[in-house]
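So the structure is just underneath, and the comments pick up after that.
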């Protein structure tokens, strides 16, 4: 009887050890998202990329001015697409369905506002 109790306890400990040995699993793989913006010129590109660089979890941001699409590589454990769009909006630009924050938009130089028309590339 004591032997059975010992074997049961030992088996339980071994099973628990294998379950917890790997630790918590997380999705640490970087993800990539493409977001359509209202960017117009090279100054817009620099502003959006710079502000995204300060967003926690962003590894890389590259805006193609011609297509107005910013490609962002990020760590999903630290940020998500909604936060990235909010960052772009606060900078003063539309981010797909998220409209530009009015305070951020008002701070943009006139060439970066819709209909500004100048190209600073």
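Candidates are the residues of region 60-106 that are in a loop (DSSP other than H, G, I, E, B) and in contact with a helix residue (DSSP H, G or I) (Cβ under 6 Å, 6 or more places away or on another chain); the one that is surrounded by the fewest Cβ atoms within 10 Å (Cβ to Cβ) is 101.
For region 9-31, state whether one or more residues are modelled with pLDDT of 95 or more, out of contact with any helix residue (DSSP H, G or I) (no Cβ under 8 Å at 6 or more places or on another chain), under 30 Å from residue 111 (Cα atoms) and not in a loop (DSSP other than H, G, I, E, B). The answer is no; no qualifying residue exists.
Report yes if residue 53 is without any contact (Cβ under 8 Å) to a residue 40 or more places away in the chain and over 23 Å from residue 29 (Cβ atoms), otherwise no. So residue 53 does not fit the description; no. Pairs linking a residue in region 79-96 that is on the phi > 0 side of the Ramachandran plot and in contact (Cβ under 8 Å) with a residue 60 or more places away in the chain to a residue that is surrounded by fewer than 20 Cβ atoms within 10 Å (Cβ to Cβ) and outside any helix (DSSP H, G or I), with Cβ atoms under 9 Å and 6 or more positions apart or on different chains, are 96/36.
The values are calculated or read from the model by the stated rules, or taken from the named source; none is laboratory data. Every value quoted in this text rests on a predicted model; they were computed, and no experiment measured them. As a convention, Cβ positions derive from the backbone with ideal geometry for all residues, glycine included, and neighbour counts pool all protein chains shown.
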